[in-house]
Amino acid sequence: MIKVITYGTYDFLHYGHTRLLERAKALGDYLIVGVTADDFDKNRGKINVHQSLMERIEAVRSTGLADEIIIEEYEGQKIDDIKRYGIDIFTVGSDWVGKFDYLNEYCKVVYLERTEGISSTEIRAQSGALKIGLVGDSVAITKFERESHFVNGVKIAGFYSETQEEDRDSHTPPDRQHPGTFYQSFLAPLDAVYIASHPSRHYAQIREALLNGKHVLCELPVSLWREECQELFRIARERNCILMAALKTAYATAYSRLLLLVKSGRIGRLVSVDATCTSLRKVDIANQKEYFKTWNSICSWGPSALLPVFQLLGTDFSSKRIVSNVMDDTKQFDLFTRIDFRYPHAVASIKVGKGIKSEGELIISGTEGYIYVPAPWWKTDYFELRYENPAENKRYFYQLEGEGIRYEIVSFVQAIEKKKCFPYIEEKITEAISGIMEDFYSGTDVEYI
């Protein structure tokens, strides 16, 4: 019996895929089809796969051509599979000519001509064409625009500067409740918006977009007040729109794996979470116009530092204490802020600052060990699982493309296509972060130094 093996993603399985499988089947008596896992595809740079692994496996199974289906999960697995299954022929499409010649040492390699004019990439682009407008002047806008080119079916259809609605004579910020006529006309041709403007403007800009039937991806904090955040999610549900919180760290593979390890009990019972996020940046707070363009420490870094605390320990803390070093009379621009949380059986602490520099590390402590994520932990592609006996320590490495932003865009697009959001950042966590912002600005549980 001649055994044949082939591999593929099989996203939106189409006639071209089927023809390739038919020809692979004709090469022998038994065909094994390897379907690539989601994480393996990400590591190969294929981050715009729309269908889940199970959907893609089922699509291959429905062709009736595969005698056996396996999952490809790691680099070098092809050699292992060839040996394990006693493969005689390895085959793949002609667009890979030469790439797998090294397998000739283990079996015969056959490159099959692909069906012209058909590709999953084109199908994704046609089915998922989404016109997104970018709102804000921050560096996040530039990064988002750059990373959007790696995602099929996304078109950046406009830019909205947060200075467009300003009264340049009085140097006052625009009305928080009404973003203005320029913004309304900007929204008209769009399907969705990505918002990275000053946090004081998020509520009005999100609300206006949702009321106009536009989907929204917004950098945290979504609002500076908890009730406003709750209102926005309520409007999104009423208008059948997607409202997603944006924070690139949440979409990084290493960070996701870190959460799973902690929740699986690898460090025992969770006792403490300590996160630090700082950066040095000179700010002209004397200039009111510049002040309203500048994110303070709690808004810039607070959501990132709060994310692991709330995702691991929850949002129902027993008490909290905010200590802040503020630079202005309004007590709104903080040079540095520390927040300590107390839970029934754990504690947490975050330190954030835009005018100081500290080691930006994340330490998650448990009764059996701890996880150490080196600076800058919010961009991590590496972390360590550490125990009392150093011989038991383990290091984890994961490829991070585009700081997690392109994965964030893919998740947003898929949520819109499926008309259902499976957020990496839960709604209650988004609301809790807005609640912390509200307490900071209102002075609740805050000590100024």
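The values are calculated or read from the model by the stated rules, or taken from the named source; none is laboratory data. Predicted model, so just to flag it, every value in this text is computed and none were measured. A quick note on method: Cβ atoms are made from the backbone with ideal geometry, for glycine too, and the neighbour counts reach across all protein chains shown.
Please work out which one of (1) at pLDDT below 95; (2) under 15 Å from Leu306 (Cα atoms) is the condition Arg406 fails and give its number. For Arg406, the exception is condition (2). Taking strands (runs of 3 or more DSSP E) as the structural unit, those lying wholly within segment 287-365 and holding at least 2 residues that are hydrophobic (A, V, I, L, M, F, W, C), free of Cβ contacts under 8 Å to residues at least 60 places away in the same chain and over 27 Å from Tyr424 (Cβ atoms) correspond to 334-343. Taking the listed residues Lys357, Lys418, Lys351, the one that is crowded, with 17+ Cβ neighbours inside 10 Å and either out of contact with any Asp or Glu (no Cβ under 7 Å at 6 or more places or on another chain) or assigned by TED's automatic domain parsing to the domain that holds Val326 (or both) is Lys351, with no other qualifying.
Among the residues of segment 7-26, those that are crowded, with 22+ Cβ neighbours inside 10 Å and either over 14 Å from Arg56 (Cβ atoms) or not assigned by TED's automatic domain parsing to the domain that holds Val92 (or both) comprise Leu20, Ala24.
Screening segment 203-231 for residues that are more than 14 Å from Ile433 (Cα to Cα) and either under 21 Å from the mean Cα position of the chain (by Cα) or among the acidic types (Asp, Glu) (or both) and picking the one that is surrounded by the most Cβ atoms within 10 Å (Cβ to Cβ) gives Ile206. Annotation note: of Tyr255, Tyr183, the sole residue that is over 18 Å from Ile409 (Cα atoms) and in a helix (DSSP H, G or I) is Tyr183. Closer than 17 Å to Asp29 by Cβ and of a type in the set (Ser, Thr, Tyr): is that true of Tyr102 in this structure? No: the conditions fail for Tyr102.
Take the conditions (1) assigned to a helix (DSSP H, G or I); (2) modelled with pLDDT under 85; Ala140 misses just one of them, which is (2). Checking every residue in segment 316-326 against the condition of being under 25 Å from Phe144 (Cβ atoms), surrounded by fewer than 17 Cβ atoms within 10 Å (Cβ to Cβ) and either modelled with pLDDT under 95 or touching a Cys at 6+ places or on another chain (Cβ under 7 Å) (or both) gives zero matches.
Filtered by the rule that a residue be under 23 Å from Leu313 (Cβ atoms) and of a type in the set (Gly, Ala, Ser), segment 356-394 gives Ser358, Gly360, Ser365, Gly366, Gly369, Ala375. Taking first residues from segment 397-417 that are farther than 15 Å from Cys241 by Cβ and partners that are at pLDDT below 80 and acidic (Asp, Glu), the Cβ contacts under 9 Å between residues at least 6 apart in sequence or on separate chains come to Tyr398/Asp39; Tyr407/Glu401. Restricting the search to helices (runs of 4 or more DSSP H) fully inside segment 1-90 and requiring at least 1 residues that are modelled with pLDDT of 85 or more gives 15-26, 53-62, 77-85.
Taken over segment 386-409, the criterion of being surrounded by 15 or more Cβ atoms within 10 Å (Cβ to Cβ) and either within 30 Å of Lys143 (Cβ to Cβ) or among the acidic types (Asp, Glu) (or both) is satisfied by Tyr396, Tyr398, Leu400, Glu401, Gly402, Glu403, Gly404, Ile405, Arg406, Tyr407, Glu408, Ile409.
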